[in-house]
Amino acid sequence: MEGNFNIILNNVTVKQADKLLLNNISFSLHPGEHLALFGASGSGKSLLAKALQGELFHSGTVTYKKHNEVVQPTIAYIPAAQDKATGAAGYYQQRFNIGATPATTLTEALLKKGDRKAVVGWLEKFQLADRGHTPLLQLSNGELKKMQLIGHLLTQPDILILDNVFTGLDIKSRKALHTVLNQLAAEGITIILITDSHELPASITHFAEMAEGAIVNFAPVEQLGFMQAMQAKKSEGLLPAMKKAYHIGPLISMKNVSVTYDGVTVLNNITWQVNNGACWQIKGPNGAGKSTLLSLINADHPQGYSQQLSLFGKKRGSGESIWEIKSRIGLVSPELQRFFSRSTTVTQAIGSGFFDTIGFFHKLNPVQEQKVREWLSFFALAEKADRRFATLSGGEQRLVLIARALVKDPLLLTLDEPCLGLDNNQAQMVLQLLERIHQETGMTLLFISHYDEEVPPCVKHVLELNKGVASIYEKTVRSSNIRSKIALTRQAS
């Protein structure tokens, strides 16, 4: 079945403080056509999505026609960033501080947006049928992403705009999403997808490549190989000097560590040791317990006190403060990005890494100020130093948080989906950076990713979780890095 709408953009332009954010965007999508938007972080993809939805004031016109008559279709826009309210958490660590008070479950939340039959059907399609009675606070980031998607699908949109919807999903969930999007396209729903080239459903017919707020290439998807490919390149900034990351003895020691909520086991008898200088990948499907494991290490989880858990040679609960632990750890995670203070400037956000706060409440000394400037330069963010964190693109925010994690020269770097939201260039630059830092300083690395090809070569060990149970093994086979080239992966329904 063909889609019902013509979508016509004519000279769509967005200005802010005399700066062009979108520059004369013009193109048309015909019935049955579906679009993928590509481009570097900050190129204007998300702004264009908001203009299409009608959320963003602009000059020029966005017109929707059905049978040559102007209409207003139902448009669902799913942004890349999850809203704080998605998981019903009011503060950063609330997910790990679950009390006995009854909480809204996944099914209850979705029933506010659709009937039970539809809710049950979507939960089954996204492998969430067994999670329907789970409180929102206990859902993983990937599961919350799927909940966010289902909530919009329940509105039965005519046009579905998805901003980096594959990020944070495990491989099984990504395959299911390809199938769903292809089926929706076949049913007449127009799909507009902000993505990268290795997550491209078979239903996509056209692509638009954006740069600096303008469309530089618009063509049928068969011409994707002619896209002005964003080849990996090194940062132009100099790598700031970093201290050697040296510690006597294991950094992490766990013996029979378990985490349970209301009788439900999230981590089950984990025994694991991380030695100084070792690099580990932590992997597993959405909801396997990966973020919970990191929360124990980062001193964010209250159940860490009752476990046989030692960090940096000290048993948890033996008198050390959480700030002593955090001072040795650099952290990047989806929760941190979601709850980070939006009003801080980029400079302040990086500087907050010296104090492990999610806002800026201290004054930097001259040495710290210089270190922040060096990281701003390395990540090519110096021109945005005084901008508010919230005004950056999702990829730029992630780079700021990586700089924040590194600014204090930590012994241990814990990275939960660090490449989430980064474009090809940025992802390759970050992987090269992590490899170089490990080689030069011996820094210990814990790395969560659903893409094996987005793991730096220094990672030799794997802890894989499945329903809270850990398997530990050596990483022997390296996948080719498909982030470094334009790879056309088409998945049929």
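The values are calculated or read from the model by the stated rules, or taken from the named source; none is laboratory data. Keep in mind that what you see is a predicted model, and the values were worked out from it rather than measured. All Cβ positions, glycine included, derive from the backbone under ideal geometry; neighbour counts span all protein chains shown. Quick note on the areas: whole protein, heavy atoms, side chains included, nothing else; ligands and nucleic acids left out. Shrake-Rupley method; radii C 1.70, N 1.55, O 1.52, S 1.80 Å.
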* Are there any pairs, at least 6 apart or on different chains, whose C-beta atoms fall under 9 Å, with the first in the stretch 283-306 and without any contact (Cβ under 8 Å) to a residue 12 or more places away in the chain and the second surrounded by fewer than 24 Cβ atoms within 10 Å (Cβ to Cβ), and if so, which? -> 306/316; 306/317
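What number of residues in the stretch 129-180 are in a helix (DSSP H, G or I) and farther than 19 Å from residue 289 by Cα? Talk me through it step by step, then tell me what you get.
In the first step, residues of the stretch 129-180 are kept if they are in a helix (DSSP H, G or I); the result is 129-131, 136-138, 141-153, 171-180.
When the remaining residues are screened for being farther than 19 Å from residue 289 by Cα, the result is 148-153, 175-180.
The total comes to 12.
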* To do: Inspect the stretch 105-114 for any residue being farther than 25 Å from residue 342 by Cβ and either in contact with a Lys or Arg (Cβ under 7 Å, 6 or more places away or on another chain) or at pLDDT below 90 (or both) and give the result as yes or no.
  => yes
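Keeping to the stretch 155-168, report how many residues are on the phi < 0 side of the Ramachandran plot and either open to solvent by 20 Å² or more (accessible area, probe 1.4 Å) or of a type in the set (Lys, Arg) (or both).
Residues of the stretch 155-168 on the phi < 0 side of the Ramachandran plot: 155, 157-163, 165-167.
Going one step further and asking which of them are either open to solvent by 20 Å² or more (accessible area, probe 1.4 Å) or of a type in the set (Lys, Arg) (or both), we end up with 155, 158, 167.
Looking only at that region, the number is 3.
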* Just checking, how many residues over the stretch 169-192 are open to solvent by less than 10 Å² (accessible area, probe 1.4 Å) and either farther than 21 Å from residue 53 by Cα or free of Cβ contacts under 8 Å to residues at least 24 places away in the same chain (or both)? -> 6
* Looking only at the stretch 264-273, decide whether some residue is of a type in the set (Phe, Trp, Tyr), crowded, with 21+ Cβ neighbours inside 10 Å and within 28 Å of residue 476 (Cα to Cα). => no
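Here is a yes/no grid of residues against (1) modelled with pLDDT of 90 or more; (2) over 23 Å from residue 157 (Cα atoms):
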residue	(1), (2)
4	no, no
21	yes, yes
31	yes, no
35	yes, no
49	yes, no
* Report whether or not residue 363 is charged (D, E, K, R), more than 27 Å from residue 279 (Cβ to Cβ) and either in contact with a His (Cβ under 9 Å, 6 or more places away or on another chain) or part of a loop (DSSP other than H, G, I, E, B) (or both). => yes
* To do: State all residues of the stretch 398-430 that are assigned to a helix (DSSP H, G or I), open to solvent by 10 Å² or more (accessible area, probe 1.4 Å) and closer than 21 Å to residue 356 by Cα; if no residue qualifies, say none.
  => 404
* Asked: Name the pairs whose Cβ atoms lie under 7 Å apart, with the first residue in the stretch 354-378 and closer than 20 Å to residue 390 by Cα, the second open to solvent by 50 Å² or more (accessible area, probe 1.4 Å) and outside any loop (DSSP other than H, G, I, E, B), and 6 or more positions between them or separate chains?
  -> 356/323; 360/348; 376/382
* To do: Output the residues belonging to the stretch 107-142 that are in contact with a strand residue (DSSP E or B) (Cβ under 8 Å, 6 or more places away or on another chain) and either open to solvent by 70 Å² or more (accessible area, probe 1.4 Å) or hydrophobic (A, V, I, L, M, F, W, C) (or both).
  => 133, 136
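Can you tell me how many residues within the stretch 292-325 are of a type in the set (Gly, Ala, Ser), in a helix (DSSP H, G or I) and open to solvent by 20 Å² or more (accessible area, probe 1.4 Å)?
Taking the stretch 292-325 first, the residues of a type in the set (Gly, Ala, Ser) are 295, 299, 304, 306, 310, 313, 317-319, 321.
When the remaining residues are screened for being in a helix (DSSP H, G or I), the result is 295, 304, 306.
Now restrict to residues that are open to solvent by 20 Å² or more (accessible area, probe 1.4 Å): 306.
The qualifying residues number 1.
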* Structure fact -> Note on the stretch 12-32: residues open to solvent by less than 80 Å² (accessible area, probe 1.4 Å) and under 18 Å from residue 217 (Cβ atoms) are 12, 22, 23, 25, 26, 27, 28, 29
